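**Student:** Structure incoming, see below.
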Amino acid sequence: MKNTALTKIHESLGAKIVPFAGYNMPVQYEGINMEHETVRNGVGVFDVSHMGEFLIEGENALDLIQRATSNDASKLEIGDAQYSCMPNATGGIVDDLIVYRIKENTYLLVVNASNIEKDWNWISSLNDKNAEMKDLSEGYSLLAIQGPKAIEAMQSITSVDLASIPFYKFKIGDFCGIEHVIISATGYTGSGGFEIYCKNEEAEQIWRKVFEAGKDYGIKPIGLAARDTLRLEMGYCLYGNDIDDTTSPIEAGLGWITKFTKEFTNSNAIKLQKEEGVSRRLKAFELDERGIPRQGYDIVNENSSKIGHVTSGTMSPSLKKGIGMGYINKGHTKLGTKIFIQVRNKALPATIVKLPFYKE
């Protein structure tokens, strides 16, 4: 297992460390619910340095990104970020990712940790016009400083006006005495804040200064377990759970990042799905009584016939009820539809609801 630049700090803080996507990662410190509440109501810091970063440069950089990704990267101005996915040739998704436009012909692609090698090979296979590609993943760290108090807590350690960075925009500036740091508002928690991209050798200095600046705001380190409950309350997809090599962007409800103003991998087949409809869709549900839906549980109708399966589920710390997402067959996907989650030998009633689960 690899370590991040901050693994020793996590260990010294008593974090429970688990193997995740090839790295030793902190899964929790004080407890999932407490950490979840810290981010919802205050400010918390995640080490997500296991994520992958690819630099794509040159006059053919945009062409490569347009063919590899479903969203329309030609709309990006310098300083913009864009959520997207990379469809594969067989109807599924290679990965979801964020595309940052750094300069005129320079883009940063941030990909999931477990898919770094797969994504690199996939993009390389499409790079027939020789765009310059660099894998920066091993040399960079990524901190997510999240929560409604993040801006106020961090403003003293940067000259960048943090409040002026809108959602899915970024600035490059000084942070904690280090120049040329990417500060982006692309958080995955739904509670505001931003991400800091820096070199590995700068990570410890940034971590310590961030906690110094945030101490009056109750800042705490947060593990990956709370990151999962936070993202699920927002209905954000997790690769490997809600989307994978077998799920199409249309099935997954990602039609909004799938633009047919250009050609990309498998775009004709995906366009047909959008026009003709699909046999199943990713839907959100809340349990009507106590219980916890887990990944892999069957979803059944009132006659106990299987109509789908759970992809993500938890006991929501904010809502104090079981919530989840899952693929459900056509005919059972309308809002308000009653479904049942097969929890061991019991079918627990649930209702299909609109995302996000958590509304401020």
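The values are calculated or read from the model by the stated rules, or taken from the named source; none is laboratory data. Since we're looking at a predicted model, the values are computed, not measured. Glycine gets a Cβ as well: all are built from the backbone with ideal geometry, and neighbour counts include every protein chain shown.
**Student:** Looking only at the range 311-320, decide whether some residue is among the small types (Gly, Ala, Ser), over 27 Å from the mean Cα position of the chain (by Cα) and within 28 Å of Trp256 (Cα to Cα).
**Tutor:** No, the range 311-320 contains no residue that is among the small types (Gly, Ala, Ser), over 27 Å from the mean Cα position of the chain (by Cα) and within 28 Å of Trp256 (Cα to Cα).
**Student:** Now for a different question. Looking for something within 20 Å of Asp228 (Cβ to Cβ) and either surrounded by fewer than 19 Cβ atoms within 10 Å (Cβ to Cβ) or in contact with a His (Cβ under 7 Å, 6 or more places away or on another chain) (or both) - is there at least one such residue anywhere in the range 132-144?
**Tutor:** no
**Student:** Which numbered condition trips up Lys359, out of (1) of a type in the set (D, E, K, R); (2) buried (at least 19 other Cβ atoms within 10 Å of the Cβ); (3) modelled with pLDDT under 95?
**Tutor:** (2)
**Student:** Please work out which residue is surrounded by the most Cβ atoms within 10 Å (Cβ to Cβ), limiting yourself to the range 99-126 and to residues that are within 14 Å of Gly22 (Cβ to Cβ) and within 14 Å of the chain's Cα centre (by Cα).
**Tutor:** Checking each candidate, the answer is Val111.
**Student:** Looking at the range 147-154, is at least one residue in the same structural domain as Cys198 (by TED's automatic domain parsing), surrounded by 20 or more Cβ atoms within 10 Å (Cβ to Cβ) and not hydrophobic (A, V, I, L, M, F, W, C)?
**Tutor:** So far as the range 147-154 goes, yes, one or more of its residues are in the same structural domain as Cys198 (by TED's automatic domain parsing), surrounded by 20 or more Cβ atoms within 10 Å (Cβ to Cβ) and not hydrophobic (A, V, I, L, M, F, W, C).
**Student:** Another question, if that's okay. Pull up the range 322-356, narrow it to residues that are of a type in the set (Lys, Arg) and under 16 Å from Arg294 (Cα atoms), then point me to the one that is modelled with the lowest pLDDT.
**Tutor:** Arg344
**Student:** Given (1) in a helix (DSSP H, G or I); (2) not assigned by TED's automatic domain parsing to the domain that holds Gly218, identify the lone condition not met by Glu77.
**Tutor:** Glu77 satisfies every listed condition except (1).
**Student:** Suppose we filter Tyr188, Tyr197 for residues that are in contact (Cβ under 8 Å) with a residue 60 or more places away in the chain, over 17 Å from Ala163 (Cβ atoms) and of a type in the set (Phe, Trp, Tyr); which single one remains?
**Tutor:** Within the list Tyr188, Tyr197, the selection yields Tyr197.
**Student:** Filter the range 283-312 down to residues that are without any contact (Cβ under 8 Å) to a residue 40 or more places away in the chain and crowded, with 16+ Cβ neighbours inside 10 Å, then give me how many there are.
**Tutor:** Residues that pass the stated criteria total 5.
**Student:** From Gly326, Gly322, grab the single residue that is without any contact (Cβ under 8 Å) to a residue 40 or more places away in the chain and either of a type in the set (Lys, Arg) or within 27 Å of Ser191 (Cα to Cα) (or both).
**Tutor:** The conditions single out Gly322.
**Student:** Do you know which of the residues in the range 40-61 that are of a type in the set (Gly, Ala, Ser) and not in a loop (DSSP other than H, G, I, E, B) is farthest from Phe211 (Cα to Cα)? Outline the logic, then answer.
**Tutor:** Step one: of the range 40-61, the residues of a type in the set (Gly, Ala, Ser) are 42, 44, 49, 52, 58, 61.
The next check asks that each one be not in a loop (DSSP other than H, G, I, E, B); those that pass are 44, 52, 61.
Details: Gly44: 9, Gly52: 25, Ala61: 38 Å.
Out of the qualifying residues, it is Ala61.
**Student:** Taking Asp228 as the residue in question, decide whether it is farther than 26 Å from Ala73 by Cα, within 19 Å of the chain's Cα centre (by Cα), in a helix (DSSP H, G or I) and modelled with pLDDT of 95 or more. If you could, list the steps in order and put the result at the bottom.
**Tutor:** Details: farther than 26 Å from Ala73 by Cα: yes; within 19 Å of the chain's Cα centre (by Cα): yes; in a helix (DSSP H, G or I): yes; modelled with pLDDT of 95 or more: yes.
Taking the combined requirement at face value, the residue satisfies it.
**Student:** Are there any pairs, at least 6 apart or on different chains, whose C-beta atoms fall under 9 Å, with the first in the range 57-68 and closer than 15 Å to Ile102 by Cα and the second of a type in the set (Phe, Trp, Tyr), and if so, which?
**Tutor:** Qualifying pairs under 9 Å: Glu57/Tyr107; Ala61/Tyr107; Leu62/Tyr107; Ile65/Tyr107.
**Student:** Based on what the data block shows, is Asn112 within 14 Å of Met86 (Cβ to Cβ) and in contact (Cβ under 8 Å) with a residue 60 or more places away in the chain?
**Tutor:** Yes.
**Student:** Okay, next question. Which pairs do you get when a residue that is on the phi > 0 side of the Ramachandran plot, found in the range 212-235, comes within reach of a residue that is assigned to a strand (DSSP E or B) and buried (at least 20 other Cβ atoms within 10 Å of the Cβ), reach meaning Cβ atoms under 7 angstrom, with the pair 6+ apart or on two chains?
**Tutor:** Every condition considered, the pairs that remain are Gly235/Ala284; Gly235/Met325.
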